[in-house]
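Some notes on the structure that comes next.
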Amino acid sequence: MKALIEFVEKKIQPNFEKGGKLHKFHRSFEAFQTFLYVKGDVTRKGSHIRDAIDMKRTMFHVVIALVPALLFGMWNVGLQHYRAIGLEVTFFDQFLFGLIKVLPLVVVSYVVGLAIEFIFAEIRNHEVNEGFLVSGMLIPLIIPVTTPLWMVALATIFAVIIGKEVFGGTGMNILNPALLARAFLFFAYPAYLSGEVWIETSLREGQQLVDGFSGATPLAMLAANETEQLPSIIEMFLGTIPGSVGETSTLAILIGAVILVATGVGSFRIMASVVLGGLFMGGILNIFAVNEFMATPAYYHLVIGGFAFGAVFMATDPVTASQTPTGKYIYGALIGVVAVLIRVVNPAYPEGMMLAILLMNVFAPLIDHYVVEANIKRRLKRLKKAPVKV
Amino acid sequence: MSENTNKPKKEELFSAKNRKLLSNPMGKDNPITVQVLGICSVLAVTVQLRPSLVMALSVAAVMGVSNVVISLLRNTIPQRIRIIVQLTVIASMVILVDQVLKAFFYDISRQLSVFVGLIITNCIIMGRLEAFALSNKPWPSFLDGVGNAAGYGAVLLTVAFFRELLGSGTLFGYQIVPNFIYDMGYVNNGFMILPPMALITVGIIIWVQRHRNPELVDAS
């Protein structure tokens, strides 16, 4: 290991330093180098202690937290496929099928997104931002497995350039890039994201779909007020239902949530308030129910569609969420409320979670502003009331 | 020869100054990308090239003529009621254009619907009347109006070009994207047909323009 580090520093690094042949690409080199180990830079003055947890490591925690959802999603893709064509195959076969279908999505998303990140880093001469390590993993998890690869690439390009680089790169973006990619697909190619073609059903010779196969996601069924075929709540919690790759299993997402909260990367305040907001709005709709969707128990909303995934991985994005503790509660609760409201009241948009989070991303700075203002006012009041001590 | 020297030298029709009136709005004084005026109509009519072209020509006609009219009246309009006079002139021109469209291009007139009438509210026109025609002679005012309308039209057509090509696969209604590409799995981008994408397209044009001309980038 030591020999390898020495090799890199002695043999490869000089090429990228000032005067070296490849100095033009030193940003890209640094990005790869710090990916493996932190460089031996020491601060010259001021604080001398540097925490090893830089942005790259923070992002990596999130990627680890996403692994359960990813693995489950892969298996579920296979499971849904073989269910649709009515074949009984082993667990391993199901997983393998899903792996083959999902892996290209992940690869395309990472290659395209990182290529743009590197190009912009070289043009603008700043460090390569690691923000895309997470976005690149999130994008394949929130789209249906049937999405064509070129659409994934296009959506990634759109999200990274218009969502992030235009505003100045990682940390400056207003909207969550991964969700922006999904929103782009949703509006650009509605036929591919309508919730009815989300199971891989390309058939080989001699195969056919089972009778009565619909392939609709639970959310689409509910939006159409057809609740007869709805899977049981246990099934929906475990995630053996049609849906986007990583969003179906609330259980796998919960494991990810535990990892995020334990490592301090994700905000527990936001996750909890999103869930509470969703339950609250669901409850209100239950009271005034006029159709079956409105009468659906509020807790159903937590396990169907992308609600859980959005609450844990999307709403907690530290860049686009509110920064103040009070603001986080307001921000989270409003996401929950708006998501359920869009789902139930607007039949044109079955998945309200995406739109709700994007909407609240836009409002997050405003919420923060008023929280800070309120705090200043409160303290001014206290100052006026307090007896003047001499 | 001696006669000529006594008279003040008459300015040529297309002197350098007058040429600037025409060319500046295409570049560093563009009403849409630099002054950010008239955005509403860019969002509304640029789904296809044909209505955009008609819109650009209509605005050019309205602007050119009303600039000349206001310039001719500039010494007689009382300062306090000048806005209402300008509005009257613009409105008369817009009604004229609307009638012509209805008579000769009925389909496109239907497509543009209220947006022909809404040319009245296009801030670019009122802005040029206030800023230029009220204090300049008719010929420069005419050039200024036509120049600004051309700058407006250029952006309008650029946006419409990309929106129609990517959103419908056509240009001026003729299919451009060949069928075999559709067979390969290409799908028209439905997002391009929605207004938000017009805004983003204008944003990209502004980005490209400021990248090429750094003096437009304000420090704020």
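The values are calculated or read from the model by the stated rules, or taken from the named source; none is laboratory data. None of these values were measured; they are calculated from a predicted model. Cβ sites come from the backbone with ideal geometry, for glycine too, and all protein chains shown count toward neighbours. For the accessible areas, the whole protein counts, side chains as well, though only heavy atoms, and no ligand, DNA or RNA atoms are used. Shrake-Rupley method; radii C 1.70, N 1.55, O 1.52, S 1.80 Å.
Annotations
- Considering residues of the range B:41-53 that are of a type outside the set (Val, Ile, Thr) and touching a Ser or Thr at 6+ places or on another chain (Cβ under 8 Å) only, the residue surrounded by the most Cβ atoms within 10 Å (Cβ to Cβ): B:SER52
Conditions (1) at negative phi; (2) aromatic (Phe, Trp, Tyr); (3) touching a residue at least 60 places away in the same chain (Cβ under 8 Å), marked per residue:
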{"residue": "B:GLU12", "(1), (2), (3)": "yes, no, no"}
{"residue": "B:SER15", "(1), (2), (3)": "yes, no, no"}
{"residue": "B:SER41", "(1), (2), (3)": "yes, no, yes"}
{"residue": "B:MET55", "(1), (2), (3)": "yes, no, yes"}
{"residue": "B:ARG82", "(1), (2), (3)": "yes, no, no"}
{"residue": "B:ALA91", "(1), (2), (3)": "yes, no, no"}
{"residue": "B:ALA103", "(1), (2), (3)": "yes, no, no"}
{"residue": "B:TYR106", "(1), (2), (3)": "yes, yes, no"}
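Conditions tested, residue by residue: (1) within 26 Å of B:ASP107 (Cβ to Cβ); (2) exposed (fewer than 13 other Cβ atoms within 10 Å of the Cβ); (3) within 13 Å of another protein chain (Cβ to nearest Cβ).
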position	(1), (2), (3)
B:LEU171	yes, no, no
B:ILE176	yes, yes, no
B:THR201	yes, no, yes
B:GLU215	no, yes, no
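- Test for B:GLY147: is it within 13 Å of chain A (Cβ to nearest Cβ) and open to solvent by less than 40 Å² (accessible area, probe 1.4 Å): no
- Counting only residues that are over 22 Å from A:ILE123 (Cβ atoms) and either touching a residue at least 60 places away in the same chain (Cβ under 8 Å) or under 13 Å from the mean Cα position of the chain (by Cα) (or both), the range A:133-174 holds 10 of them.
- Failed item in (1) modelled with pLDDT under 85; (2) under 19 Å from A:ALA155 (Cα atoms), with B:ASP218 passing the rest: (2)
- Yes/no for B:ILE70 being buried (at least 21 other Cβ atoms within 10 Å of the Cβ) and either touching a Ser or Thr at 6+ places or on another chain (Cβ under 9 Å) or among the aliphatic types (A, V, I, L, M) (or both): yes
- A:GLU117 meets all of the listed conditions (1) out of contact with any Pro (no Cβ under 9 Å at 6 or more places or on another chain); (2) in contact (Cβ under 8 Å) with a residue 12 or more places away in the chain; (3) under 22 Å from A:ASN76 (Cα atoms) but one, namely (3).
- Taken together, the criteria exclude A:GLY246 from residues that are part of a loop (DSSP other than H, G, I, E, B), within 24 Å of the chain's Cα centre (by Cα) and either hydroxyl-bearing (Ser, Thr, Tyr) or at pLDDT below 85 (or both).
- Annotation: of all residues in the range B:188-199 being aliphatic (A, V, I, L, M) and surrounded by 15 or more Cβ atoms within 10 Å (Cβ to Cβ), the one that is nearest to B:PRO31 (Cα to Cα) is B:ALA198.
- Here A:PHE97 clears all of (1) within 14 Å of chain B (Cβ to nearest Cβ); (2) within 21 Å of A:MET74 (Cβ to Cβ); (3) of a type in the set (Phe, Trp, Tyr) except the condition numbered (1).
- Residue within the range A:277-286 that is buried (at least 20 other Cβ atoms within 10 Å of the Cβ), modelled with pLDDT of 90 or more and not in a helix (DSSP H, G or I) present: no
Yes/no matrix, rows are residues, columns are (1) in a loop (DSSP other than H, G, I, E, B); (2) of a type in the set (Gly, Ala, Ser); (3) touching a Phe, Trp or Tyr at 6+ places or on another chain (Cβ under 7 Å):
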{"site": "A:HIS301", "(1), (2), (3)": "no, no, yes"}
{"site": "A:PHE313", "(1), (2), (3)": "no, no, no"}
{"site": "A:PRO350", "(1), (2), (3)": "yes, no, no"}
{"site": "A:ALA356", "(1), (2), (3)": "no, yes, no"}
{"site": "A:ASN361", "(1), (2), (3)": "no, no, no"}
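- The numbered conditions (1) farther than 26 Å from A:THR248 by Cβ; (2) touching a residue at least 12 places away in the same chain (Cβ under 8 Å); (3) basic (Lys, Arg) are all true for A:LYS384 except (2).
- A:LEU260 being over 25 Å from A:THR146 (Cα atoms), modelled with pLDDT of 90 or more and out of contact with any Lys or Arg (no Cβ under 7 Å at 6 or more places or on another chain): yes
- Complete set of residues in the range A:94-127 that are open to solvent by 60 Å² or more (accessible area, probe 1.4 Å) and over 17 Å from A:VAL245 (Cα atoms): A:VAL111, A:ILE119, A:ILE123, A:ARG124, A:ASN125, A:GLU127
- A count restricted to the range A:128-159 and to residues that are within 14 Å of chain B (Cβ to nearest Cβ) and open to solvent by less than 10 Å² (accessible area, probe 1.4 Å) stands at 5.
- Scan of the range B:178-194 for residues that are more than 11 Å from every other protein chain (Cβ to nearest Cβ) and touching a helix residue (DSSP H, G or I) at 6+ places or on another chain (Cβ under 8 Å), ordered by number: none
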